1. Which order, highest average first, do 225-231, 169-175, 2-8, 114-120 follow once you tally other Cβ atoms within 10 Å for each residue and take the mean per peptide?
2. FRET efficiency for Ile216 and Asp52, Cβ-Cβ distance as r, R0 = 41 Å, nearest 0.05?
3. Which FRET efficiency value, to the nearest 0.05, is calculated for Asp229 and Glu44 with the Förster distance at 41 angstrom and r the Cβ-Cβ distance?
4. Per residue, how much accessible area does the range 1-152 show when a 1.4 Å probe rolls over the protein heavy atoms, in square angstrom?
5. From a point 7 Å beyond the Cα of Glu195 in the direction of its Cβ, which residues of the range 86-102 have a backbone N at a distance under 12 Å?
6. Give me the percent of the accessible area of the chain that comes from carbon and sulfur atoms, probe 1.4 Å, all protein chains in place.
7. Quick check on packing: order 96-107, 73-84 by the mean number of other C-beta atoms within 10 Å, highest mean leading.
8. Label points 7 Å out from Cα along the Cβ direction at Lys263 and Glu163: separation in nm?
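The values are calculated or read from the model by the stated rules, or taken from the named source; none is laboratory data. All of these numbers come straight from a predicted model, not from anything done at the bench. Cβ sites come from the backbone with ideal geometry, for glycine too, and all protein chains shown count toward neighbours. Ligands, DNA and RNA are excluded from the accessible area calculation, which covers all protein heavy atoms including side chains. Shrake-Rupley method; radii C 1.70, N 1.55, O 1.52, S 1.80 Å.
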Amino acid sequence: MNSVIIPTFNCGRFVAGAIESALGQTVRPAEVVVIDDGSTDDTESVIRQFGDKVTYIKQSNAGVSAARNRGVAESSSEFIAFLDADDIWEPTKLEKQLAVFESDPEIGLVHCGMREFDSETGETIGLRTDGKDGWVADDLLLWEGPVVNASGSSPLVRRSAFESTDGFDPAIKVGEDWDLCYRIARKYKIGFVREPLVNYRLHPGGAHRNVENMEIGMGRFYEKAFDTDDANVLTLRRRAMSNYHRTLSGSYLYAGSYGRAIKHAVKSLVYRPSSIGYFAKTPLRLLSRS
């Protein structure tokens, strides 16, 4: 049995599509729990139209992590799937992820590929079908390429794995999915379905566009990850922190915040001077995007 948790905040224009894609799965979920995190638009009236097909819970605004945690607490199935209110699943998503769980009892989370699409036109912007499976915690820590598609609509999680990590961290606004996946990956194997089973909506209100919140959220992630006595983890610290600041440098650069881009480039080089080659090629990357 599986439960679908949909957190929503002022997504009345999108949430019906998310709910319909959950209810339309080839393996129908035992329950769809929608946590309305203090919406002030028409979200409630839209959800009420589904009647007893969904469990609707409204709470004061506490953030997406708290909403997801509340949804898990209100659900009862062995497997938990998370679906953001502005995204849409392909009909076979749960079926194909559950099959991966059946293949290996050591798996705690299964992620999948994703299609990014334009909210206005429906046009495909890009496909993300690269990722890893198995014991991938170190790869998540190093942030050197695609590891887990940590979109809020991708993971299907075993309840015991979720509960062993205390769930999402409410203090993280951007990167909370990555943080959860890492903590699960330290204890369980990760499964992967390469097929793009999530349709990820790109629109101006998307949280992924806020680089400052990404810096804060991923900074907290690394602070927690390296608060450990595990010598094997600590040996990765300088390399991981260099990659973290390198990613921030690029994100701020493309956002037009050049001072912050330079600041994080310098920090990246302090942690790992050998990354100078990457920054030397920055002008070429900028030209290729123009």
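1. Listed from highest to lowest mean packing, they are 2-8, 169-175, 114-120, 225-231.
2. The value I calculate is 0.55.
3. 0.30
4. Accessible surface, normalised per residue, equals 43 Å².
5. 90-100
6. Whole-percent figure for carbon plus sulfur exposure: 51.
7. By packing density, highest mean first, the sequence is 73-84, 96-107.
8. 4.3
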